[in-house]
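J.: Can you read through this structure? Questions will come right after.
Coordinate-derived values only; no laboratory data. The model shown is predicted, which means the values in this text are computed figures rather than measured ones. In this analysis, Cβ positions are derived from the backbone assuming ideal geometry, glycine residues included, and neighbour counts consider all displayed protein chains.
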Amino acid sequence: MIKTLRTPLPWLVTALLVAFATAAQAAPQHALTLYDEKPKYPADFSHFDYVNPHAPKGGVLRQAGFGSFDTLNPFINKGVSADDIGLVYDTLTVNSLDEPFSVYGLIAEKIEKAPDNRWVRFYLRPEARFHDGTPITAEDVVFTFDTLISQGAPQYRAYYADVDRAVAEAPNKVRFDFKHGANRELPLILGQLPVLPRHWWAERDFAAGSLEPPLGSGPYRVERVQPGRTIRYARVKDYWARDLAVTRGFYNFDTLVYDYYRDMTVALQAFKAGQFDFWLETSAKNWATAYDIPAVKDGRIVKEEIRNHNPTGMQGFIFNIRKPLLADRRVREALALLFDFEWANRQLFNGAYTRTLSYFDNSELASRGMPGPEELKLLEPLRGKIPDEVFEKPFSLPVTEANGIIREQQRQAYKLLLDAGWKIENDHMVDAQGKPVKLEFLLVQADFERVLLPYKRNLADLGIELEIRRVDVSQYINRLRSRDYDMIVGGFGQSSSPGNEQREYWHSSSADNPGSRNFIGLRDPAIDTLVEQLIGADSREELVTRTRALDRVLLWGHYVVPNWHIKTWRVAYWSHLQHPQTTPEHDLGLMTWWRQPDKPMPTIDPAFDPEDAPATDGDQPATEQ
C-alpha cells in the first residue's frame, strides 16, 4: 500500500505541468476560429461592425415565397418547409458574417475546445429560454443532437459523422466527444446546432410533417399560417438574447410575412405593385429591362448591387451518373461542349455573367493553371484513379463567337460520343447498346426553359433528344430525393471555409442518402480521399491547397455543364427600408435591415389583383439567370 504513494518526483512534476498546460490551452473562450487564430471581435465587443446597433424596431417586412410549403419542421426529409422557419430557433453559436469562419457564443456563453481537438464543451447561458419560459439545458442540446442523427434528414448524419457522442455534464454544460482529432471544423459546426425543446417534442412525432407552430427560442415565433399560401412571423418582444452583442442590431422588424406565388414573373409584378417590400433579382434580363417604371425613377424603389465576397460555388446542368447513359465521362464532356454560353450570355443575359470555371469560383480556393508542388503531393498518389488531364493541362471551356454556330464543338462532341460507342442511325443518336438516346431534363423554374431550348436544339443537331419536363415544387423535390432524373439545374454553394459539407456533395457515404446534395451520384474512392484530406486541413494554407486539388478532379470529371455567376447581390426594395452603411462580406444580411419610421409604406397598385398571384403550387426562383 505504501508503494502506491511513492511516485517518483520527476514523473509527478511532469504530470502536473501537463495538466496545467492542458487546462490553460482549453480555457473557455467567447469565440472559436478554424485555425485558432485571434477572432476579429474581442470578448467585450458590443456589436458586429455590419449592424446599426441603434436601428429602430418596428414595422413589417413583406417578401415573396415561391411555390408552396406543407411543413414547419425543416429538420426532416419530408415535405417542403416554410421560408425562414429557422428564425424560430436559436443555435449554440452564431457565425460572424465578415470573417471566413469564426463563431461567437449565443446560447453558449463560452466554448472550450480540447488541445488535441478530441472534444468541445459548451457552457450555456443561464438566461437562455424557450418561448414558453422554460430554461434551455444541456439535456435539450443532447436531445437535439441525438434526434437529428436518428430521425432527422440524412445530411445531419453526414455532417456530424465524426461525432462520437453528446454528453450532458451539468444542466448548463454539454460536451461533444469526437471519433478522432483530425476534423478541425467540427467544434465550430457543432455550434450551428439549433437547440430544440425536449419537453415539447416529448408529446409529438418528430418524424411527421406538421403545420403546428413549433416551440423555439429564437427572435421570431410563428404567428399565423395559411397552408401553402402565407406564413407570418412575429418578433418575440421579450426575446431572451435581445441585448447580447451577437444579436444587437439584428431582427428589427416586428413582423415578417411571406406570400407564396406561382412563378417569378407574377411575383415581380406584385413587388412593383407594392404587394411586398424586398426583391432579390436573379434574372439578368429583368435587371436590365424590367425596372423602367415610375417608382424606380422617382426613388420609391431603390435598385442596388451589393458586393458578394463569397465563393460563388458551382451552378450547372448536373448529370446524374447513376444513369447508365451518363456514366461515361466522354459522354458528359460531349454534352457539355454543346452548351453555348457566349450566345446565351449575349442574347439572354445582356452580357451580365461570367462563365464559371471552378467549383470554388470567385475565391482563392479556385484551382488555376497547372497544379503546384503541394497539390501534386496530394494528386500523385491518385494517378491512374483520376483523369490524366489533371496532370497535363489546366481546365478550360470552349469559347464561341456568340453567333449560335458551334460546328467545332459539335465535331469534338461527336468524336467523343463515337469513342464511347455511340453512333448515328437514321438521323438519331443511339448508344453503345443500339438504343435511341433520349435524356430528360427535370425542371422547376419556368423562366429557365428559354435557356434550355437553345441547348436542346444543339443536342438535336447530333440526333440526341432532350425532353424538358417542368413539374411543380412538391413533385420536383420528391423526384430529386428519389434520384429520378437524368439532368437538373442546380448548384453547390460554398463558403470561404469549406469543410464537412463537402461530404454531402461528393462523398460516397452520401450517394444513397435521399436527402443529400450528392445529386451527381459520386461514389469515387479518389474523391473520397480528397474530401477527407480537405476536412482534415490544419492551416488555411493547407485548406486552400487541398480545396484546389479537389476542384481539379471534379472539373475534369465533367460532372456538370458549368453555368455562370455574378459577384454581386442584385436587390430592389421600397425606399422605406434601409440597411447599414457597412454590409457584411459573406452574406446579404437582410436581418440587419430596418424600416424607416418616417417613410410611408408603398401604396398598393389597385390595378394589381393579388388573387391572381398567390398559389398553392408553382415554381421556385430560377437560379441566377
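J.: Arranged from highest to lowest average of other beta-carbon atoms within 10 Å per residue, in what order do the peptides 396-404, 277-285 appear? Working shown, then result.
T.: On the way: 396-404: 13.3, 277-285: 19.6.
Per-residue mean Cβ counts within 10 Å order the peptides as 277-285, 396-404.
J.: Counting only DSSP beta bridges with both residues in the chain, what percent are antiparallel, rounded to the nearest 5?
T.: Values: 64 of 81 bridges.
In the chain, DSSP labels about 80 percent of beta bridges as antiparallel.
J.: Quick one: check the C-alpha center-to-center distance for the range 383-445 versus the range 40-110, whole angstrom.
T.: A separation of 43 Å, based on Cα centres.
J.: Sticking with this structure for a sec: Per 0.36 nm of contour for each residue apart, how much would the distance between Lys57 and Val471 grow if the chain were fully extended, relative to their Cα-Cα spacing? Let's see the in-between values first.
T.: On the way: separation 414, 0.36 × 414 = 149.04 nm, distance 4.06 nm.
Roughly 145.0 nm would be gained on extension.
J.: Let me ask something additional. Amide H neighbours of Gly490 under 5 Å, at least 5 residues apart or on other chains, H built in the peptide plane: list them.
T.: When sequence neighbours closer than 5 places are left aside, the close amide H contacts are Gly316, Ile318.
J.: At R0 = 22 Å, how high is the FRET efficiency between Glu374 and His309 if r is their beta carbon distance? Nearest 0.05 is fine. Kindly include the intermediate steps, with their values, before the conclusion.
T.: Details: r = 25 Å, r/R0 = 1.13.
The value I calculate is 0.35.
J.: Which distance in Å, rounded to a whole number, links the C-alpha centroids of the range 289-355 and the range 516-586?
T.: The range 289-355 and the range 516-586 have Cα centres spaced 16 Å from each other.
J.: Excluding residues on the same chain fewer than 8 positions from Lys78, give the lysines whose Cα lies under 30 Å from its Cα.
T.: Hits, sequence-local ones excluded: Lys179, Lys323.
J.: For the peptides 255-262, 597-604, what is the packing order when you average, over each peptide's residues, the other Cβ atoms within 10 Å and list the highest mean first?
T.: Numbers: 255-262: 21.8, 597-604: 12.0.
Output ranking for 255-262, 597-604: 255-262, 597-604.
J.: Please give every one of the aspartates and glutamates within straight-line cross-link reach of Lys285, meaning a C-alpha to C-alpha distance under 20 Å, and leave out same-chain neighbours fewer than 8 residues apart.
T.: Cross-link targets: Asp263, Glu304, Glu305, Asp340, Glu342, Asp447, Glu449, Asp619, Glu624.
J.: Students often forget the sequence filter, so: which aspartates and glutamates lie under 14 Å Cα-Cα from Lys303 once same-chain residues fewer than 8 apart are removed?
T.: Cross-link targets: Asp277, Glu281, Asp292.
J.: Given a Förster radius of 25 Å and the C-beta distance between Met601 and Asp132 as r, what FRET efficiency does 1/(1 + (r/R0)^6) yield to the nearest 0.05? The partial results should precede the final answer.
T.: Details: r = 33 Å, r/R0 = 1.31.
Step by step, r from the Cβ atoms, then E = 0.15.
J.: Sorted by packing (mean other beta-carbon atoms within 10 Å per residue), highest first, where do 385-392, 584-591, 82-89 land? Walk me through the numbers before you get to the answer.
T.: On the way: 385-392: 15.4, 584-591: 19.0, 82-89: 20.8.
Averaged packing, sorted descending, gives the order 82-89, 584-591, 385-392.
J.: In nm, to one decimal, how far is the Glu532 label point from the Trp200 one, both placed 7 Å along Cα→Cβ?
T.: In this crude label model, Glu532 to Trp200 measures out at 3.9 nm.
J.: Could you tell me the calculated FRET efficiency between Arg483 and Lys285, based on Cβ-Cβ distance and R0 = 30 angstrom, to the nearest 0.05?
T.: Details: r = 32 Å, r/R0 = 1.07.
Efficiency, from the Cβ-Cβ distance: 0.40.
J.: Here's a follow-up. For the range 353-370, just list the computed ³J(HN,Hα) in residue order, Karplus coefficients 6.51, -1.76 and 1.60, θ = phi - 60°, integers in Hz, with x standing in for Gly and Pro.
T.: Per residue, the Karplus-derived 3J(HN,Hα) values read 10, 10, 5, 7, 10, 7, 6, 9, 4, 6, 7, 5, 7, 6, 6, 9, x, 8 Hz.
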